[in-house]
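Sharing a structure with you now.
The values are calculated or read from the model by the stated rules, or taken from the named source; none is laboratory data. Because the structure is a prediction, the values reported are computed rather than measured. Glycine also receives a Cβ, built like all others from the backbone with ideal geometry; neighbour counts cover every protein chain displayed.
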Amino acid sequence: MAGPNRRAVLRGGIALGAAAAAVGGVAGIADLATASRPTAKTGTAPRIGYLPITDAAPLLVAHGQNRYAKAGVEIPRPVLFRGWESLAQAFVAGEVDVVHLLMPFALQLRYQLGAQVRMVAWNHTNGSALTVRPEINDVRQLAGTSVAIPFWWSIHNILLQRKLRAAGLTPVVRTAPSVSDGTVQLVVMAPADMVPALDTGTISGYIVADPFNAVAEVKKVGKVLWFTGDAWRDNACCVVMVRQDLIDNSPQTVQALTDGVAGAQQWINSNRPDAAKLLSGNKYMPQPLPAITKTLTRAEGDYATVLTHPQWHGERIGYTPYPFPGYTTALVEAMRGTVVDGDASFVDRLDPATVHRDLVDDRFVVNSMNTLGGPAAFGLPASLTRTEQDVLA
């Protein structure tokens, strides 16, 4: 697809935001544009791109603890991006080689844009929530208002639309919302803009990854109404994506990457307060330490009135690397019928039963897990199979 058309698809009908932001010494996209592309083809180190959310924690912690270097590859400081659109554009263009990406967005890149990219691991599970203004106590109160989502092709949009329909509401795009008609307008917004928009009343709520939900709680401008992990147990929001040329030309680099990510995931699960300090202290994430800490240490007891399935621990972000095939199949099916601002016809052409084999290269992460104690060390079954539990399906 030609450049302008690709940008139009990525844009999905919304205005392009700033390509990236330099925060706390993190390089911005301008620095990348003037540098040689850091791919395996050039012989230079691959570069990682990320959004400042706790979904990215394994990639960042692995860098902060020198896990990539110990695994045999020197990787420069990860590059912070402000929104999913700019991150994806840099990834497709080869300005970054490794990213954490919304899994439905990854499907769009590969099957609508034809990008030669592969998933090599999950980055995390759960970790997202619907945050609303303090006076809202029920999803039905969102009728006649606008709710922000981080991107059209996201688990956030998919599950929010199911939640709205279950409450008798109808999600709409580019249409003024109506209380009498029971409609809720969905708007795409960069995560960093969501808290200010909620505070000013521009939106009544937003669904996004932490720590932006925790930021609203800490600032007392909003509250969590619902966790996505309470609807789809251990859903994978962001996954680790790499360019195909990196796999083809330097598989040892990809192995080092997954070794670093898996090791970081294992460490985070046992050292959550320390992980928050690393993310904040190294300025990988610009949010205040209390919000990052709250994100990583959410306690079920604090959300007794919010959780329907407390035994799932959907309030807490989890870090496991293995991409379950059944989840990919169920996600493709869930994407069908989701309202987006743009062409969604590519989803209808997908075969849910075969997408996983084409999209995912799991040999690296399986090797990584085996060196770290096997699936059991991550709380996963030895069979590496699971049954999806999605109460809104």
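Scan the range 320-337 residue by residue and report those that are touching a Phe, Trp or Tyr at 6+ places or on another chain (Cβ under 8 Å) and more than 17 Å from V360 (Cα to Cα).
M335
Next question, about the same structure. Within the range 275-295, which residues are surrounded by fewer than 20 Cβ atoms within 10 Å (Cβ to Cβ) and among the aliphatic types (A, V, I, L, M)?
L289
Quick one: V239 ticks every box in (1) surrounded by fewer than 24 Cβ atoms within 10 Å (Cβ to Cβ); (2) not assigned by TED's automatic domain parsing to the domain that holds K163 bar one, so which box is it?
Of (1) surrounded by fewer than 24 Cβ atoms within 10 Å (Cβ to Cβ); (2) not assigned by TED's automatic domain parsing to the domain that holds K163, only one is false for V239: (1).
Another one. Quick check on this structure: which one of V261, V240 is part of a helix (DSSP H, G or I), of a type in the set (V, I, T) and in contact with a Ser or Thr (Cβ under 8 Å, 6 or more places away or on another chain)?
Within the list V261, V240, the selection yields V261.
Based on this model, can you work out whether L331 counts as in the same structural domain as A121 (by TED's automatic domain parsing) and not in a loop (DSSP other than H, G, I, E, B)?
yes
Just checking, how many residues over the range 284-305 are touching a residue at least 24 places away in the same chain (Cβ under 8 Å) and of a type in the set (S, T, Y)?
Counting residues in the range 284-305 that are touching a residue at least 24 places away in the same chain (Cβ under 8 Å) and of a type in the set (S, T, Y) gives 4.
Further, regarding this structure: List pairs: first residue in the range 371-385 and touching a residue at least 60 places away in the same chain (Cβ under 8 Å), second residue of a type in the set (D, E, K, R) and not in a loop (DSSP other than H, G, I, E, B) anywhere in the structure, Cβ distance under 9 angstrom, at least six positions apart or on different chains.
T371/D259; L372/D259
Are any of the residues in the range 322-332 within 23 Å of K163 (Cα to Cα), in contact with a Lys or Arg (Cβ under 8 Å, 6 or more places away or on another chain) and not hydroxyl-bearing (S, T, Y)?
The answer is yes; a qualifying residue exists.
Working carefully through the options K223, K219, K163, find the one that is free of Cβ contacts under 8 Å to residues at least 40 places away in the same chain, at negative phi and either surrounded by fewer than 24 Cβ atoms within 10 Å (Cβ to Cβ) or within 20 Å of the chain's Cα centre (by Cα) (or both).
K219
Collect the residues in the range 144-160 that are surrounded by 22 or more Cβ atoms within 10 Å (Cβ to Cβ) and not in a strand (DSSP E or B), keeping them in residue-number order.
Listed by number, the residues that qualify are P150, F151, W152, W153, S154, I155, H156, N157, I158, L159, L160.
Still on this structure, I have one more. Does the range 56-78 contain any residue that is in contact with an Asp or Glu (Cβ under 7 Å, 6 or more places away or on another chain) and over 23 Å from R363 (Cβ atoms)?
For the range 56-78, residues in contact with an Asp or Glu (Cβ under 7 Å, 6 or more places away or on another chain) and over 23 Å from R363 (Cβ atoms): absent.
Say we look at the range 191-216 and pick out the residues that are among the β-branched types (V, I, T) and not in a helix (DSSP H, G or I); which of these is surrounded by the most Cβ atoms within 10 Å (Cβ to Cβ)?
V208
Of these, Q141, Q185, which one is at pLDDT 95 or above and in contact with a strand residue (DSSP E or B) (Cβ under 6 Å, 6 or more places away or on another chain)?
Q185
Do the conditions hold for V221, that is, is it assigned to a loop (DSSP other than H, G, I, E, B), under 18 Å from N137 (Cα atoms) and touching a Leu at 6+ places or on another chain (Cβ under 8 Å)?
yes
Also, quick follow-up: State which residue is farthest from I292 (Cα to Cα) when the search covers only the range 103-135 and only residues that are among the charged types (D, E, K, R) and not in a loop (DSSP other than H, G, I, E, B).
Step by step, filter the range 103-135, then rank; the result is R110.
Would the range 254-268 turn up any residue that is assigned by TED's automatic domain parsing to the domain that holds A69, surrounded by fewer than 19 Cβ atoms within 10 Å (Cβ to Cβ) and touching a residue at least 24 places away in the same chain (Cβ under 8 Å)?
No: zero hits.
T308: surrounded by fewer than 14 Cβ atoms within 10 Å (Cβ to Cβ), touching a residue at least 12 places away in the same chain (Cβ under 8 Å) and more than 23 Å from W152 (Cα to Cα), yes or no?
Here the answer is yes, as T308 does meet what is asked.
If you go through the range 383-393 one residue at a time, do you hit one that is assigned by TED's automatic domain parsing to the domain that holds P251 and either part of a loop (DSSP other than H, G, I, E, B) or farther than 19 Å from T258 by Cα (or both)?
no
Could you list, in sequence order, the residues of the range 334-359 that are part of a loop (DSSP other than H, G, I, E, B), of a type in the set (A, V, I, L, M), at pLDDT 95 or above and in contact with a Ser or Thr (Cβ under 8 Å, 6 or more places away or on another chain)?
Of everything in the range 334-359, just one residue is part of a loop (DSSP other than H, G, I, E, B), of a type in the set (A, V, I, L, M), at pLDDT 95 or above and in contact with a Ser or Thr (Cβ under 8 Å, 6 or more places away or on another chain), namely A344.
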